[in-house]
Every structure is written in structure tokens, then in C-alpha cells.
1. What number does segment 1-147 give for Rg over Rh if you use C-alpha atoms and the Kirkwood radius?
2. Quick one: in segment 99-148, what % of C-alpha pairs are over 14 Å apart?
3. Give me the count of lysine pairs in the chain whose alpha carbons sit under 25 angstrom apart, restricted to pairs 8 or more positions apart or on different chains.
4. Out of every Cα pair in the chain, what percent are spaced more than 26 Å from each other?
5. Mind telling me which of ALA264, ALA143, ALA24 comes out most flexible in a GNM of the chain, alpha-carbon contacts under 10 Å?
6. Accessible area of segment 190-326 with a 1.4 Å probe: how many percent of it is carbon plus sulfur?
7. Taking the full set of protein chains and a 1.4 angstrom probe, give the accessible area of VAL302 in square angstrom, rounded to the nearest 10.
8. Taking Cα centroids, how far is segment 278-326 from segment 93-111 in Å?
Amino acid sequence: MKLSVQSRHIGLSAPLRVAFGTIAGVDTIEVRVERDGIVGRGEGCPMAIYDQSVQSALGEIEALRPAFEGGEADRAMLQGNMEAGPARNALDCALWDLEAKANGRSVWEMAGLAVPATIASDVTIGILPPDETARAAETLCDAAMIKLKLGTPQDLDCVRALRSVLPTVPLFVDVNSGWSLERLNRLAPELAAADVFMIEQPLARADDALLDHYNRAVPLCADESCHSRSDLDRLAGRFDYINIKLDKAGGLTEALALAEAARARGFRLMVGCMLGTGLAMAPAYVVASLCEIVDLDAPLVVQDPADAGLRHDGRDLHLFGPELWG
């Protein structure tokens, strides 16, 4: 089996401010695996907040090159020989793609899942001053759901500004670990009054135990706190939702297993992404078919339309074709 990998920069159409900084673009890795003239592809997005880089991801992949070139690599081998993360994600998704093409079966058939023609997805508003938040909301009257990034002293003003424009749109907020427990307990009742249905990752992962003292005014979702099935015991009783991202889980294989295990434990499911091209969004769309909250609006924010890969019409994601993936 031939293995090749390349990195590239994916620019955003406009900078996105979140609690830990401003994102103008991301560096991704694309993996290609080839066997008997059939090519499978996968993409991963290393994130500095997880102490990842393109260089570290490339190093992980190169360490497995002998196994791929010797014909010993498969998805099960990856699970036992790599840590969950973007490098394993890219390889795992490339192997799903290769297997689907080689066997003439779609990934949907392989996973035993129905194929939804469209899936309602949110639209994200980054951290902005309240007046700019309201102006951004004015352009999203048709959104199925809005995610509002928070993490500044103006958080409540931004929520109220959005609600002044869109009083009934389903709304959740994402804090990216930017609050303390005291701030969470103080703001959550105000957010409940503004009909915010969920708060994503209010505290840092290291502070998860503090959530035992949360007032529970609004349901919580674990993002940075949830990577794989090994996290579920620690999250139980503290979070209501988990956000499944393939780059955290280390591929579609673990993401599907995580969804099944989490649902069995009573968690509600959300799917998200780190940003990237349609090659990364396609396997996330597969996971999205199992989730009630879908946060896959990257096709709306990538700078180059060719990178979108699958269509987001401002309300729904539309099913990708087999020429893209799977």
C-alpha cells in the first residue's frame, strides 16, 4: 500500500474570534493511501490548544509508514498503535474511503447507517461587540440554529443583542473553556431566561470536577473535555451532551463507537469540527446522522469556495457525492 501525506493552509473568509484567540486559518494534513490503483483520502487538523502541530502529526504518520507499505495497516491496527488525534483521524478516514471504493460499497453501507439527503446545521457567530453581534444575526434569519461564541465581559449583552433580532431561533453558546465556576453559576440563569438551550465547554477540562457544584440552570456540552470513550466515566453527571469531533476521537471508527457508547450512557449527541475542507466534513456528516446538534458550518467560512466540498445553504448541509469521499 502506498502512503503519501501533504500539509496545506486553509484560510477563512473572515477571522473568527473565540475565547482562546482569533483564528484566521488552519493548517491541515491530507493523507492518501493507494492499493491496486484505488486511492483513499482523509484529512486532519492539528490544533495548538491540544499541543498538536503539523510537524507532530506528520511524525506520527511517518512512524507507521513501514506498516502501510508492508500491507499490515488497517483501521483496527491504528486503534492499537496511535493516540487519538488528527494524524489517526486522517489515516482512519483514508482507510474507510479506500475500503468503500475497493468493495463498491458506500461508507454508509459499511457503517449500517441511513443516508440523509440533508442535515440541519448551525451557523456560528464569533466573539464580537454587541452591536456587531446584532448585525451578524440580522443576516441569519433562515438559520436552523445559531452557535454564539462567548468569553468576554460583554457576554450577556451579546446574547441580548442577538435575541433582540432573532427572539426564537434555537440558540446555544460556546465558551471554549473561558469561564470560571462562579461566572457559570452567575450567568447560566440569565442565559436560561434568554432561551439559550445549551452551554458548550464553560470551564477548562482540568476543572471538570468543579461542575459538581454547578446550579444546572442550562444543560452543558463537553467539547474540549471529551475526546474518546475513555472520557465518558469522568463526564457522567456533569455534562448532558458530548461534542464528537473526528480530530479528537482519532477518526470515524472511534467517533462511531463513541456515539454508541455515549448514547447508551444517556448522553445527548453533538458533532463538530476543527475547520478544514469538505474532505474532513464528509465523514463528520456521517456522524451527524446520529446527532441532534450539528455544528459543521465550515463550508460557509473557508476562504476558497473550492475547499467547501459539500454545500451548506445557510440552514442545511447537503449530502456529498462519492467523488469527494466514502
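The values are calculated or read from the model by the stated rules, or taken from the named source; none is laboratory data. Owing to the predicted nature of the structure, the values given are computational and were not obtained by experimental measurement. All accessible areas refer to the heavy atoms of the entire protein, side chains included, with ligands and DNA or RNA removed. Shrake-Rupley method; radii C 1.70, N 1.55, O 1.52, S 1.80 Å.
1. Numbers: Rg = 19.0 Å, Rh = 17.8 Å.
Rg divided by Rh gives 1.06.
2. Working: 796 of 1225 pairs.
Pairs farther apart than 14 Å: 65 percent.
3. On the way: LYS2/LYS101; LYS101/LYS245; LYS147/LYS245; LYS147/LYS248; LYS149/LYS245; LYS149/LYS248.
Number of lysine pairs found: 6.
4. The proportion of pairs with Cα distances above 26 Å equals 45 percent.
5. Among ALA264, ALA143, ALA24, the largest GNM mean-square fluctuation belongs to ALA264.
6. 47
7. 10
8. Spelled out, the Cα-based centre of one part sits 18 Å from the other.
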